[in-house]
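Derivation of every value follows stated rules applied to the coordinates shown; laboratory data play no part. Please read all numbers here as calculations on a predicted model, not as lab measurements. Because the Cβ atoms are built from the backbone with ideal geometry, glycine has one as well, and the counts that use them run over all protein chains shown.
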Amino acid sequence: MKILLISPSVNVTQRTPIGIMIPQLALYILRGLTPEEYTVKIVEEELDNIDFNEECDLVGISCMTANAPRSYDIAQHFRKRGKKVVLGGVHPTILPDEARKYADSVVIGEAEGAVTRYVRKKAAEALASFGAKIGETAETLGGSSTSVRFPAGVLPIATGTGFLVPPPPA
């Protein structure tokens, strides 16, 4: 699956000078939390043009109030091409009903939490295939030397008897 993450500009015809541009770090954090089996491409519209014919399965757009009109415009272009669009950021969090008119899904709150929950779910599924659960050690599996490949973003903690995947926060 290929995911395209976009940080829209406020005004396509008047971009911010690169020397004072602040990169959209949240998109890079999301890429780091995304499991390896997914390909993630980030487009900062302040630096690059958006290719609306980009081959992708999902388009994620980071939306602030200042760039909401442009975000909605981008979302409509991709949806007309049959792409699934997710809007996230401060503006969709505050006005999810408005954002929902332009997207297939809206992330309310921190997207990092949504990705982390997804990764934990995948880690739990990987462990379950070996009869283990999150929070259990390899000792619970009878000292098995079977290796489990954890998704990116899930960092198992080494213990004296194996690995422990931290339980989700309460």
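Miscellaneous remarks
- Surrounding net charge for Ser7, when Lys and Arg each add one and Asp and Glu each subtract one, Cβ distance under 11 Å: -3
- The charge dipole of the stretch 1-94, taken about its Cα centre with unit charges on the Cβ atoms of Lys, Arg (+1), Asp and Glu (-1) only, comes to about 300 debye.
- Distances between placed amide hydrogens fall under 5 Å for Val43 paired with Leu5, Ile6, Ser7, all partners being 5 or more residues away or on another chain.
- Gain on full stretching of the segment that runs from Arg79 to Leu47 - 0.36 nm per residue minus C-alpha separation: 9.2 nm
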